[in-house]
Each structure stands twice: as structure tokens, then as C-alpha cells.
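One structure below.
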Amino acid sequence: MNPFGLVRQKIFPSYLGVDIGTASIKAVEVKQGKQLPQLVNYGVLQSQGYLARAGDILQSSNLKLSEREITDLLKKLIEEMNPGTKEAMASIPIFSVFMTVLDFPEMSQSELEKSLSYQVRQYIPLPLSEVALDWMKIGEKQDENGFKYQQVLLISVPQGLIKKYQNIFKAAGLNLRLLEIESLSLARSLVGTDPTSTIIVDIGSYSTSIAFVIKGQLMFTGHSDFAGSSITQALANSLNISPIRAEELKKENGIAGFGPSHELSTIMLPFVDGIINEIKKAQFNFSSQFPGVPKSERLILSGGGANLVGIERYVEKELELPTIKAAPLLKFEYPSEIEPLVGELNPVFSLPLGLVLKEFS
């Protein structure tokens, strides 16, 4: 009974997914839609100096993180977006995380936890008091004598890095409710429960991450410093032009290699080949670590580098593997006004969209 005639309506909160990259910050705001999560807001801010000054990046693989500049950029981005929430989730790049796969004989959950506590010390390069640890079962294998082993993915993140993220979000007026390694977020947005064996290649400005996903489970990761800025710098040096102009030419022409753009393609392709060689190396390492897993059936390109014209066809040809561009917005509702932009937005926002999906799964 409701004697006061009050109407009670379930309130669907919204969440922010924030991707702090090497040269930009991207964010999405998502709430529950009629049937799917709904994208209601998005934004991206680029670091002003990264093209004009080589090495002027927000964070790098040596665990350096430009806390002040990131805080200023994040504040500005939030001010421009004016989201309806302060609840935020953020990703940590794989180059800031220590990950390894450990093999254990078959045992109970409690026995496995005890064994992990004894063994992790010899694998973690920092004192255990200085890191946050997580682990997950990712598979099984059998040796030549028939003994079965559980395979466990161990993840370690420096506590100092976590503290920096917490400080940045607090200074920006946001409540950081989750930190997650980027490969898990990408696997969620681009693969989900799809059983197809997949390689995800996320090409950023200064870093490319490579993730192997089997039946929706992250199994293995790799990392390369070949990335979008490598291609831009090659154009700038070869044509004796500014990196800003080189970036414009890269986006306009891509590596399709037709007509006047053929010369540009010949300059850029060796650096695309660098990324492809890193993928091949990761494939070899993955198959060595997991000899019994199914062969990868497709490759998904994400990140800003996935918008390079012609890259899908070229990667598919060189790796002899079906290659597609990321399309995470298939799992979301979004305003009809952005439909013409969806093809370009999809790979750019794959990571933050994967972060918020955790709240709607």
C-alpha cells in the first residue's frame, strides 16, 4: 500500500570511464538505456606538446607519470564534458604492470592461495609491501607424463602508481571506484563472451598493446614502443616538415598507397611492419606458453592507430589473419546524431567503454 501516492522510480546512475594514455585523456559517460548501456557523453583532450616536442608524453614504460599535467588535463576535460556523475573508473597501461603465468598442480582454492603467497616473492621485482597483487585462473595444461596443471595469471601493480591515480582523480573532483589493467577492459568491450580466439592490438600514440583472448578470457599480453607517433615522426623526418603537418598527412592519406599517396605509404609502411613484427613475436611467445590453445581466428585493431586508412587490409595480408576494426558501440545505445562519427569513435573509445561495461554486466 502507498497511502501518500508516492511514485518510486529506480534511479539508474551513470559512470565515467577514463583512459589516460601516453598523449591524451579520453572519457565516456554511460548510464543504463532502454535495453543496453547508453553512451550519453564523451570527450578527448590531447596533450599539446606531444607532437611538437619528442618525448613530451603523459606517462611511459619506466613508470613515470606526469601527475600535474594529467590532473590539469583531466580537470579541463571534466569541465568541458560536465558529466552527471563523479563516479569514475580508470585503466592502467600494461607497460606499468608486471604480469606472468604460473603453473600449479591441481589443488583446492584455499591451497592455491597459500601456494601463491609463497611463490610470488620470487617473481615480483619489488617488495611485496610496495605492490598490489591480483590473480586469476586462465587455463589448464597437461605435461608429457599426464600430470595436469592449473595456469594462473599473476598481476602486480606498484602501490606508488595506484596512489598517483588516486591523487589525480581526487584533485579532479572524481571518486575513483576502480582501477583495471587496460587489456581486461579491451577484452570486455571487444570480445566479451564471444568464444572466437582473438588478438587485440591497441595502437596508441607512443605504445601498442597486444592481448590474446580465448573464450572471453585474457590469457597473455605483449607490448611494443612502435606506435602512431613512430609513423608521424618518420613522415616528418623524411619530408622535412613539422610533426603536426606530418600527423595531418598521415590521417588524410593512410597507407592505401594509391596515386600521390604512394610515396607517403613507402615512408610509413616500415613502421607499420614494426608493429606487425611485434605481433608475430607475441604470437610465438603465446604459443610457447600455451601450446595447447586454439589458433587465433581473428585480430581486432583498436586505439587511434586503428583509424589509419588501409591498415586493416595490410595487417590481414601480412599476418594471414582476418582483421577488423574495433566496434564496441555495438554493445551500447547512443544518440543518433553521432552515427556519422561511429566508425572513427569506435577504436578510440574501446578502452573507456570497456571499463564502464563492468558496471552493466
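What does the charge count near Leu319 come to, summing +1 for each Lys or Arg and -1 for each Asp or Glu among other residues with Cβ under 14 Å from its Cβ?
Details: positive: Lys280, Lys281, Lys295, Arg298, Arg313, Lys317; negative: Asp273, Glu278, Glu297, Glu312, Glu316, Glu318, Glu320.
Result for the neighbourhood of Leu319: -1.
Just to be sure I understand: with springs between alpha-carbon atoms less than 10 Å apart, which residue in Ser238, Ser287, Ser156 has the highest mean-square fluctuation in the Gaussian network model of the chain?
Ser238
Suppose a student asked you for the relative contact order of region 193-281, using Cα pairs under 8 Å spaced at least 6 residues apart; what percent would you report?
Working: 126 pairs, mean separation 18.2, N = 89.
So the answer I get is 20 percent.
Which percent of Cα pairs goes in each bin when the distances of the chain are cut into 20 angstrom slices starting at zero?
Per 20 Å bin, starting at zero, the Cα-Cα P(r) for the chain comes out as 27, 57, 15, 1 percent.
Please provide three numbers in whole Å: the alpha-carbon extents of region 98-156 along the principal axes, with the largest listed first.
Principal-axis extents of the Cα atoms in region 98-156, largest first: 38, 21, 17 Å.
Only sites in a loop by DSSP and with at most 15 other Cβ atoms within 10 Å count here; which trypsin sites (Lys or Arg not before Pro) in region 128-181 make the cut? Let's see the in-between values first.
On the way: sites: Lys137, Lys141, Lys148, Lys163, Lys164, Lys170, Arg177; in loops: none.
Here no loop site has a sparse enough neighbourhood.
How high is the relative contact order of the chain, in percent, with contacts defined as C-alpha pairs under 8 Å that are six or more residues apart? Write down the numbers at each step before the final one.
Numbers: 653 pairs, mean separation 67.9, N = 361.
Averaging sequence separation for qualifying contacts and normalising by length gives 19 percent for the chain.
Top mean-square fluctuation among Tyr15, Tyr118, Tyr206, Gaussian network model of the chain, C-alpha springs under 10 Å?
Tyr118
For region 230-361, calculate the relative contact order in percent as a whole number, restricting contacts to Cα pairs under 8 Å that are 6 or more residues apart. Numbers along the way, then the final one.
Numbers: 124 pairs, mean separation 26.4, N = 132.
Value for region 230-361: 20 percent.
Considering only DSSP beta bridges whose two residues both sit in the chain, what percent are antiparallel, to the nearest 5?
On the way: 48 of 66 bridges.
Around 75 percent antiparallel, to the nearest 5.
Return the FRET efficiency for the residue pair Leu330, Ile244: r is the Cβ-Cβ distance, R0 is 45 Å, and the value is rounded to the nearest 0.05. Mind dumping the intermediate values first?
Working: r = 34 Å, r/R0 = 0.74.
The calculated FRET efficiency here is 0.85.
Starting with the highest mean, order 217-224, 108-115 by the number of other Cβ atoms within 10 Å, averaged over the residues of each peptide.
Values: 217-224: 20.2, 108-115: 11.6.
Taking the mean over residues of other Cβ atoms within 10 Å, the ranking is 217-224, 108-115.
Suppose every K and R has +1 on its Cβ and every D and E has -1 on its Cβ; what is the size of the dipole of the chain about the Cα centre, in Debye to the nearest 20?
Values: 34 positive and 39 negative charges, 156 e Å.
For this selection, approximately 760 debye.
Considering the options Ala326, Gly21, Ser242, tell which one lies farthest towards the positive end of the dipole of the chain, charges being +1 on Lys and Arg and -1 on Asp and Glu at the Cβ, about the Cα centre.
Looking along the dipole axis, the top candidate is Gly21.
Looking at the chain, do any whole DSSP H helices span at least 30 angstrom along their long axis by alpha carbon and average 0.0 or above on Kyte-Doolittle, and which? Could you put the intermediate results ahead of the total?
Values: long enough: 262-289 (40 Å, 0.05).
Counting only whole DSSP H runs, the qualifying helices are 262-289.
Using the Kirkwood radius over Cα pairs, work out the Stokes-Einstein diffusion coefficient for region 256-361 at 25 °C and 0.890 mPa s, in µm²/s as a whole number.
154 µm²/s
Residues with beta-carbon under 11 Å from that of Val97, excluding Val97: net charge, scoring Lys, Arg +1 and Asp, Glu -1? Don't jump to the answer; show the numbers that get you there.
Values: positive: none; negative: Asp134, Glu180, Glu182.
Net charge in that neighbourhood comes out at -3.
In nm, what is the difference between 0.36 nm times the number of residues separating Ile162 and Leu116 and their Cα-Cα distance? Could you put the intermediate results ahead of the total?
Values: separation 46, 0.36 × 46 = 16.56 nm, distance 2.21 nm.
Between Ile162 and Leu116, full extension yields an extra 14.3 nm.
Grab the other residues whose beta carbon is less than 9 angstrom from that of Leu357, score K and R as +1, D and E as -1, and report the net.
Values: positive: Arg188, Lys331, Lys358; negative: Glu359.
Net of charged neighbours comes to +2.
Each value in this text was obtained by applying a stated rule to the coordinates, not by laboratory testing. Computed from a predicted model, the values in this text were never measured in an experiment. Using ideal geometry, Cβ is built from the backbone for each residue, glycine included, and neighbour counts are taken over all protein chains shown.
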